[in-house]
Each structure stands twice: as C-alpha cells, then as structure tokens.
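Novice: Pasting a structure below so you can have a look.
The values are calculated or read from the model by the stated rules, or taken from the named source; none is laboratory data. Keep in mind the model is a prediction, meaning the values are calculated, not measured. Counting neighbours? That spans all protein chains shown, and the Cβs are built from the backbone with ideal geometry, glycine included.
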Amino acid sequence: MLYPLKFEPVYKDYLWGGNNLTKLNKKLIYPITAESWEISANKDGMSIVSNGNLAGSTLLDIFQRYPKKLCGKREVKQFPLLIKLLDACSALSVQVHPDDAYAYANENGALGKNEMWYVVDAKPDARLVYGLKKGVTKEQFAKAVRQNNIGSTLNYVSVKKGDWINIPAGLVHAIGAGIIIIEIQQNSNTTYRVYDFDRVGADGKKRPLHIEKALDVINFDATEMQINEIVSVSGVDYLAYNKYFAVEYIASEGQYKSDTLNLSFHTYTVIEGGFEVEGVSVGLGESVLIPACMKKYTLKGGFKAIKSFVPDIK
C-alpha cells in the first residue's frame, strides 16, 4: 500500500538564484540556488523518496509500478505535475511556454507548460512581467526583439507576499528580482527565452534564445489578467482551477480533513507551521504527496500550505 511520500529536494544553481530558500528551511548545496524541485517525475530533475519503505525509489519508478494507486482511477500516460520553489534573487529571463499540441509536435512528444505562482515572499518594490502591453502585435514584438527594445512591449505588475498568478501557455512572463514563489506546473521543462539581459553563465557564454519558437506560441490576443482571482467550484475557493491543476491555499489550526476520491493524488507545500499525516511529519518548506488510493486522510497540526491536484474536468 502506498503512503504519504516525501522527497529529497532537487536543487538547481541557475545564475539568477540566491540563498533565500533557507527562509523555507532548505539545506542548500550550492552558493547560488535558484530552484528546489519538490515533487517531480521529470528527467531533468527526478524526485527520490526520502521516507518509508519506498525510500530511494524515484517518483517515476513509483508511477510506473502503481499508476492508478498514485494518480487515481483515470488513465494518465505520465505523472502530470511538477512542484517547485523558486528564489528569484535577480530577474528571470523573459520567456514563454508552449501548449500541449505545439510541445508534442516540436519537443519530442513533451507536455506543454501551463503554470501558476504563489508568492511566498517579495521585497517591497517587487514586480514581474505579466503578458504584453495591450495591442502589441506579432510584428511589433518581433521588431522590438530585433532592436533590443523588448522592454517597450512588456506589461509589468507589482506583487507582494500572498499574491497568486496564473500563467497559461502562450503568455509572455518573467519573475522579477526579490521574489520567492511556489510554482505549480505541468510536468514539463520546455521554456522559450526571448530576452535574458545579455547575461553569461559559468561557461562564459550567453544562454540560448528561442525567438522563432516563441513567436510561434505567444498568444498576442491574451488580455485577461489572472492575478489574485478566486475560482469558486462547488463551494470551494481555488487559486487556480483548470484541466491541468487545481490549487488551494489551506490554513488550519487543528485538523484538516480531505478525500482524494481516488481521482488524483494531492500535494501540499508548507509555507508556515507543519502537520502530521499518517505518522509522516511535514514541516516548513517541505512538500508531501498523498497518493490517490489513500482516499480520506487528516492533516493534524497548525499550518499554512499550498495544495494541488488534478481536477476531474471532462
């Protein structure tokens, strides 16, 4: 029988990181740490179980052995989500992600990348890129890229601790400096950079840009702002709710009861306090995966956490 699974963090030392994930009790292994992949069955950062009888197994191993017990009675071809913590000590590249159809055709059958962010912390003047200015066309954007004037096309928004932002595939975006986020996303590592501040990596070379693919996938008609937007479904308030993921903010002072209904695993990433579930302790900055086969379960303790799962949307 499966049980609540915890994993060893997979750290990434991208050049825009820092050491602020120590605020979430992370034991960093790099002087500059940009990301902690918390729950991942992606080949670019595979989670390894850290607790119980399955310790040492990868999440991919468990998915392949117990796909329905882990993910629910609906058939899924691969583990669908990837949960990360990000420390944007400096700004990320301006980028965009493809949808499923484009990624499948152009990235060897990969998933697209729809994602959402929850802001765990932010400096007072923090801001990020959220889409393009109203009316910017593909031709205008391409010209701005060629003339190294992309900033003139970008829509900037200020953010603070506790904000949440939905980032659909096709939306140009960039996390600004001084922001720590939890990212809930499809199980994909496909990113098309359009501007990277002319930075160079440890090898002394600029990171590659992907202008042509980006121009293929950018949604130049995207105008709806999906920031701090509550989605209410069957009496439950969600930070995001779509066919890829549902995300909730959970705050509890004693017992929080839930039920997977054997439809999807549930994940929790703790941003304050901690809890115990089926004898497994989950503390600040830690994540846990509740397999779908557990059905009803109870989290005991005072905590705040970001919960995610794959909803039953036909």
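Novice: Being free of Cβ contacts under 8 Å to residues at least 12 places away in the same chain and either outside the structural domain of G131 (by TED's automatic domain parsing) or under 23 Å from M116 (Cβ atoms) (or both) is the filter here, so list the residues in the stretch 205-229 that pass it. Reasoning before the result, please.
Specialist: Going residue by residue through the stretch 205-229, those that are free of Cβ contacts under 8 Å to residues at least 12 places away in the same chain are 205-206, 212, 221, 224.
Matches in the stretch 205-229: D221, E224.
Novice: Given the residues G131, G176, which is the only one that is at positive phi and modelled with pLDDT of 95 or more? Before the answer, list the steps.
Specialist: Numbers: G176 fails: at positive phi.
From the options G131, G176, the qualifying one is G131.
Novice: Determine which single condition I184 fails, assuming it passes every other condition in (1) modelled with pLDDT of 95 or more; (2) closer than 21 Å to K133 by Cα.
Specialist: Looking at each condition in turn, I184 falls short on (2).
Novice: Same structure again: If we keep just the residues of the stretch 127-173 that are among the hydrophobic types (A, V, I, L, M, F, W, C) and over 25 Å from L209 (Cβ atoms), which is farthest from the chain's Cα centre (by Cα)? Steps first, please.
Specialist: Residues of the stretch 127-173 that are among the hydrophobic types (A, V, I, L, M, F, W, C), as a first pass: 128-129, 132, 136, 141-142, 144-145, 150, 154, 157, 159, 164-165, 167, 169, 171-172.
Now restrict to residues that are over 25 Å from L209 (Cβ atoms): 159, 164.
On the way: V159: 17, W164: 12 Å.
Ranking the qualifying residues of the stretch 127-173, first place goes to V159.
Novice: Please go through the stretch 184-212 and pick out each residue that is surrounded by fewer than 20 Cβ atoms within 10 Å (Cβ to Cβ) and aliphatic (A, V, I, L, M).
Specialist: V200, A202, L209, I211
Novice: Within the stretch 135-166, restricting attention to residues that are in a strand (DSSP E or B) and touching a residue at least 60 places away in the same chain (Cβ under 8 Å), which residue is nearest to V94 (Cα to Cα)?
Specialist: If we filter the stretch 135-166 for residues that are in a strand (DSSP E or B), which is where we start, we get 154-158, 164-166.
In the following step, the residues that additionally are touching a residue at least 60 places away in the same chain (Cβ under 8 Å) were identified as 154, 157, 164-166.
Values: L154: 9, V157: 14, W164: 19, I165: 16, N166: 16 Å.
The extreme case among them is L154.
Novice: Within the stretch 84-96, identify whether any single residue is exposed (fewer than 13 other Cβ atoms within 10 Å of the Cβ) and not acidic (D, E), and answer yes or no. Show your work before the answer.
Specialist: Of the residues in the stretch 84-96, the ones exposed (fewer than 13 other Cβ atoms within 10 Å of the Cβ) are none.
Within the stretch 84-96 (the criterion being exposed (fewer than 13 other Cβ atoms within 10 Å of the Cβ) and not acidic (D, E)), the answer is no, since none of the residues qualifies.
Novice: Let me ask something else about it. Within the stretch 294-311, how many residues turn out to be more than 18 Å from A251 (Cβ to Cβ) and either touching a Phe, Trp or Tyr at 6+ places or on another chain (Cβ under 8 Å) or not assigned by TED's automatic domain parsing to the domain that holds V236 (or both)?
Specialist: Filtering the stretch 294-311 for residues more than 18 Å from A251 (Cβ to Cβ) gives 294-296, 310-311.
Those left that are additionally either touching a Phe, Trp or Tyr at 6+ places or on another chain (Cβ under 8 Å) or not assigned by TED's automatic domain parsing to the domain that holds V236 (or both): 294, 310-311.
Within the stretch 294-311, residues that are more than 18 Å from A251 (Cβ to Cβ) and either touching a Phe, Trp or Tyr at 6+ places or on another chain (Cβ under 8 Å) or not assigned by TED's automatic domain parsing to the domain that holds V236 (or both) number 3.
Novice: Turning to a different aspect of this structure: Restricting the stretch 1-59 to residues that are of a type in the set (S, T, N, Q), within 26 Å of D198 (Cβ to Cβ) and more than 17 Å from the chain's Cα centre (by Cα), which is surrounded by the most Cβ atoms within 10 Å (Cβ to Cβ)? Give the derivation first.
Specialist: Start the filter on the stretch 1-59 by keeping residues that are of a type in the set (S, T, N, Q), which leaves 19-20, 22, 25, 33, 36, 40, 42, 47, 50-51, 53, 57-58.
Narrowing the set further to residues that are within 26 Å of D198 (Cβ to Cβ) leaves 19-20, 33.
The next check asks that each one be more than 17 Å from the chain's Cα centre (by Cα); those that pass are 19-20.
Working: N19: 14, N20: 20.
Of everything passing the filter in the stretch 1-59, N20 is surrounded by the most Cβ atoms within 10 Å (Cβ to Cβ).
Novice: With the condition kept exactly as written, say whether any residue in the stretch 173-196 is more than 30 Å from L60 (Cα to Cα) and basic (K, R).
Specialist: no
Novice: Right, next: Quick one: N166 ticks every box in (1) surrounded by 14 or more Cβ atoms within 10 Å (Cβ to Cβ); (2) modelled with pLDDT under 95 except a single one, so which number is it?
Specialist: (2)
Novice: Taking the criterion of being farther than 19 Å from V172 by Cα, basic (K, R) and at pLDDT below 95, would at least one residue in the stretch 203-215 satisfy it? Break it down into steps so the answer makes sense when it comes.
Specialist: Step one: filter the stretch 203-215 for residues farther than 19 Å from V172 by Cα, giving 203-206.
Subset that is basic (K, R): 205-206.
Filter once more, so that each one left must be at pLDDT below 95: 205-206.
Checking the stretch 203-215: at least one residue is farther than 19 Å from V172 by Cα, basic (K, R) and at pLDDT below 95.
Novice: Would you call I180 in contact with a helix residue (DSSP H, G or I) (Cβ under 6 Å, 6 or more places away or on another chain) and either among the aromatic types (F, W, Y) or surrounded by 23 or more Cβ atoms within 10 Å (Cβ to Cβ) (or both)?
Specialist: Details: in contact with a helix residue (DSSP H, G or I) (Cβ under 6 Å, 6 or more places away or on another chain): yes; either among the aromatic types (F, W, Y) or surrounded by 23 or more Cβ atoms within 10 Å (Cβ to Cβ) (or both): yes.
In short, yes.
Let's see how each residue does on (1) surrounded by 14 or more Cβ atoms within 10 Å (Cβ to Cβ); (2) under 30 Å from Q140 (Cα atoms); (3) of a type in the set (A, V, I, L, M); (4) over 21 Å from the mean Cα position of the chain (by Cα):
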{"position": "M225", "(1), (2), (3), (4)": "no, yes, yes, no"}
{"position": "V233", "(1), (2), (3), (4)": "no, no, yes, yes"}
{"position": "A240", "(1), (2), (3), (4)": "yes, no, yes, no"}
{"position": "Y249", "(1), (2), (3), (4)": "yes, no, no, no"}
{"position": "Y256", "(1), (2), (3), (4)": "yes, no, no, yes"}
{"position": "L261", "(1), (2), (3), (4)": "no, no, yes, yes"}
{"position": "Y268", "(1), (2), (3), (4)": "yes, no, no, no"}
{"position": "E272", "(1), (2), (3), (4)": "no, no, no, no"}
